[in-house]
Structure formats: C-alpha cells, structure tokens
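The values are calculated or read from the model by the stated rules, or taken from the named source; none is laboratory data. Given the structure is predicted, the values throughout are model-derived calculations rather than measurements. Methodologically, a virtual Cβ is constructed for each residue, glycine included, from the backbone with ideal geometry; neighbour enumeration extends over all protein chains shown. Note: areas computed on protein heavy atoms with side chains; ligands, DNA, RNA excluded. Shrake-Rupley method; radii C 1.70, N 1.55, O 1.52, S 1.80 Å.
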Amino acid sequence: MAMLMNILNYGIIQVVMRLKSIKDIKDLKGKKVLLRVAYDVPLSKKAKDYVVADDRRIKETIPTIKYLLKNKCSIVILSWLKRPGGKVVDKYRMDPVARSLSKLIKKPVKKLDDCIGPKVTNEIRSLKSGRILMLENVRFYPQEEENNKRFAKLLVQGLDLIVFDAFGQSHRVHASTTGIAKLLPIYAGFLVEKEINVLEKLVRHPKKPLVIILGGAKISDKVDVLKHLVKTADRVLIGGGVANVFLKANRVPIGDSFVEDDFVDKARRKKVSFVKLAKKIYRKNSGKIVLPTDLLAGNTISQHSLVEVVDLEGKEAINKRWKFLDIGPKTISDFLPIIKKAETIFWNGPMGVFEIDKFSFGTKKIAQAIARSKAVSVIGGGDTESIVEKYNLDGKFSHVSTGGGASLEFLTGKELPVLEYLKK
C-alpha cells in the first residue's frame with residue numbers, strides 16, 4: 001500500500017489532462033483497435049521452441065488490454081522483437097509472445113504470420129468484438145525502420161483507431177510509431193500515461209535530495225541525461241563502464257578496461273571525445289559527482305577470472321592487461337549512505353558485469369539498497385530492468401520503466417517523437 005501511495009503521490013492521474021487518453025474515446029464498442037505495444041522481450045530456448053524469459057513488459061500492458069476488452073472492441077496487437085535486420089528470422093517471430101499473453105490474460109490470442117497484406121486485412125475485417133489478433137514482427141520489413149509511408153498505410157488497413165502503449169519504442173521515428181500516428185486517431189494507453197508522468201515529475205518536481213545513479217558499459221546514451229539532471233541532482237553516483245571514462249579523464253590508470261572514448265556524430269559531422277566531455281562535466285560538478293574509490297579488477301570477463309580489489313585512493317595501479325569489472329567494497333560503503341538519505345532516486349545501468357556472478361556484488365548491493373530505501377525510486381529500462389528480475393526485487397521500487405532508451409531520451413529534456421501525436 002505504501003508503494004502504491006508513493007506512485008499516486010507522484011501524480012500519475014494528472015497525465016489524463018495532458019495526453020489524449022484511452023479514456024477519452026467516447027465509444028469503443030465494435031471498434032477495431034490497433035494496439036501498438038513494445039513487446040521486445042527476452043527469449044530463451046526450451047526444447048525446440050522459444051519462450052518468453054521475462055514477461056514484465058507484457059504484463060504492464062494488460063490494464064490497457066482489459067479496458068479495451070471491457071469496452072467490447074476488437075484488438076490487433078503490433079510490435080517489433082529484437083533486430084532481425086529487415087528480413088524474416090524465425091527465432092524472432094512473435095509466436096512465443098502471443099502464447100505468453102494468452103496465458104496471462106486467460107484468453108486466446110491468434111497469431112498471424114505477417115503484419116501486412118490481403119490475408120491480414122481480411123482477418124482484421126472479420127475480427128469480432130472481444131477477440132485479439134497479434135501481427136508478426138514488424139521489423140521483418142526494412143520499410144519499418146525507413147519510416148516508409150506506404151508501409152505505414154498498409155499497417156492500418158481495416159482499423160479504426162490506434163492505442164499507443166509502446167513507451168519502450170516511442171523514441172523511434174519508424175513506420176509503426178510516428179508513421180501510423182499520422183493516419184488514424186491515436187490515444188495513449190495506460191502504460192504510456194504512467195511512464196510519461198513519472199519521468200516528467202522526476203525532471204520537474206523531484207523530492208530532495210535527488211540522487212542519480214548511472215552505470216552500464218557506454219556513456220554515449222547517458223551523457224545528455226547526465227548533463228541535464230546534474231543541474232538538479234544533489235548527488236550523482238557513477239559506476240560501470242561510465243566510471244572508466246571519468247577515471248581516464250582524471251588520469252587514473254584503467255588498464256585494459258572498456259572505455260567509450262571517441263564518438264563520431266555523422267549527422268553533425270563532428271567527432272566527440274567523451275573523455276574530454278567527462279573531464280569538463282566533472283570539473284564543473286565535482287561536489288556532486290561521486291566516483292568509485294576502489295574497483296574489482298579481473299584478468300578475463302568470465303566466472304573463472306582471477307580478481308583483485310584496486311584501491312584508487314591508495315594510488316594502487318591496475319595491471320595493464322586487467323579490466324575493471326565491478327565496484328569495490330569501499331565504493332559500496334560510500335554509495336549506500338547517500339542512497340539511504342535520498343528522497344528521490346533515478347538509476348540506470350549496472351555497476352559492473354553483473355551477468356557474471358563474480359562481478360555482480362556491487363550491482364546487487366546497490367539494487368537492494370534502493371529497494372530498502374523510502375525514496376521515490378525510478379529504475380531505467382534495459383539492463384537495469386533485468387536486474388530487478390535477477391535479484392527478485394519486483395514490486396520493491398516506485399516505478400520500473402519499460403523503456404531504457406526512451407526513458408533516457410525523455411530525461412534529457414527532449415520530446416519523444418510519438419508524443420507530438422498524443423498531446424491534447
């Protein structure tokens with residue numbers, strides 16, 4: 001109940017005043033609804049078949065599905081899954097997703113083997129109220145990522161309106177996102193409403209102290225968030241590969257650790273040095289940014305790796321052939337009191353190579369500390385989303401985003417492209 005009140009206090013119900021909500025649709029009875037979702041879920045192989053390994057993103061859309069069914073419309077579900085590269089790849093078919101959804105809602109979900117064409121259109125036109133169709137992976141067509149107008153028109157054949165509940169894919173300008181949004185009336189589903197409102201509250205009116213925790217391998221997808229949120233944050237805790245960039249900027253030896261240094265921005269025709277950028281950010285905000293004081297190094301990225309803790313404060317140097325693969329015990333001790341005092345926490349990115357148990361301790365301790373805290377806790381999607389599942393912490397945070405890239409892009413102050421069509 002306390003967790004629910006945290007979320008409600010965060011203002012979720014206010015979003016109806018800003019977006020065209022599913023509840024604004026006056027009469028759904030008999031309507032054929034294209035429900036755009038983000039079912040880009042992890043799969044695992046079981047015997048000869050693939051199964052959904054983590055169904056949280058599917059579960060998050062069930063309130064929207066139940067609302068549509070209650071209002072006696074028919075539902076056509078559209079999503080992409082993984083990166084098939086514009087061609088049919090059998091292991092990325094939507095069949096296991098359809099089976100998972102059917103099991104969750106205890107209702108048949110008919111899966112089609114295509115997402116466009118005469119057979120698909122005929123199935124949609126004959127679809128009765130209360131029935132559900134799931135279309136094939138839209139990324140099997142190269143026209144999807146090309147945002148092809150003709151392809152977008154084919155995707156909405158025989159449909160009356162769109163309910164967009166694909167927050168995790170809302171930052172893409174593709175045929176099945178912004179392309180279809182131009183063609184039919186479009187409304188936000190309950191998941192999109194919740195995601196946007198929580199993240200907007202985090203940017204505009206966070207309870208203080210606000211603590212930002214950033215990790216993961218790359219800084220390129222987090223640097224804009226860092227520059228934007230560091231202005232309002234009280235502390236920024238940095239780990240993972242992102243920390244390597246800051247350490248290198250401060251002339252701390254990092255051995256053979258992964259570091260994302262130069263990035264070529266083709267659109268702007270310029271080269272960006274993240275090390276130089278990190279140095280600039282750190283100098284300007286050194287009182288807020290907390291870097292690791294020790295790190296766990298390994299000679300290989302494997303469970304059989306040799307390991308040692310490198311004390312950065314003691315001026316210890318990492319072996320030139322070794323890599324930093326997790327934060328160390330002193331760093332954990334530095335981070336935990338800051339997390340405990342926080343009133344609002346945003347976390348995106350693991351503290352190390354958490355997929356390997358030997359290098360997962362730092363990530364686990366940070367996750368557990370956030371789960372124990374009384375703060376409003378917002379967890380970014382992607383790898384951070386899977387951490388929640390790995391350590392059985394589901395339900396322990398105020399909000400776990402279903403979109404890593406989308407949540408990060410929103411928090412930079414940019415508007416997600418689909419929002420242009422969902423605004424009232």
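Compactness of region 73-179 was expressed as the Cα radius of gyration divided by 2.2 N^0.38 Å, which yields 1.02.
Largest to smallest in accessible area, the residues Trp80, Trp322 fall in the order Trp322, Trp80 (1.4 Å probe, all protein chains included). In this label model, Lys414 and Val307 are separated by 3.6 nm, measuring between points 7 Å along each Cα→Cβ vector. Relative to the longest principal axis of the Cα atoms of the chain, the long axis of helix 361-372 lies at roughly 60 degrees.
Debye-formula intensities of region 350-423, expressed as log10 I(q)/I(0) at q = 0.26 Å⁻¹, are -1.19 (one equal scatterer per alpha-carbon, no solvent). In degrees, nearest 10, range 0 to 90: what is the angle between the Cα axis of helix 329-341 and the longest Cα principal axis of the chain? Compared with the principal axis, the helix lies near 60 degrees. With all pairs of separate Cα atoms included, region 263-422 yields a Kirkwood hydrodynamic radius of 17.8 Å.
For the pair Val51 and Lys231, a Förster radius of 41 Å applied to the C-beta separation gives a FRET efficiency near 0.40, rounded to the nearest 0.05. Each peptide in 216-227, 18-29, 239-250 gets a packing score, the mean of other Cβ atoms within 10 Å over its residues, and the list from highest to lowest is 239-250, 216-227, 18-29.
When the inverse distances between all different Cα atoms of region 18-68 are averaged and flipped, the Kirkwood radius reads 13.5 angstrom.
Rolling a 1.4 Å probe over the protein heavy atoms gives the chain an accessible area of 47 Å² per residue. Between Ser21 and Ala188, the built amide H atoms are under 5 Å apart, and every one of these is 5 or more places off in sequence or on another chain. When a 1.4 Å probe is rolled over the protein heavy atoms, the share of accessible surface on the chain that falls to carbon and sulfur comes to 51 percent.
Projected label points at Arg251 and Lys208, each 7 Å from Cα along the beta carbon direction, are separated by 3.5 nanometres. Any idea what % of Cα-Cα pairs in the chain are farther than 38 Å? For the chain, the fraction of Cα-Cα distances above 38 Å is 26 percent.
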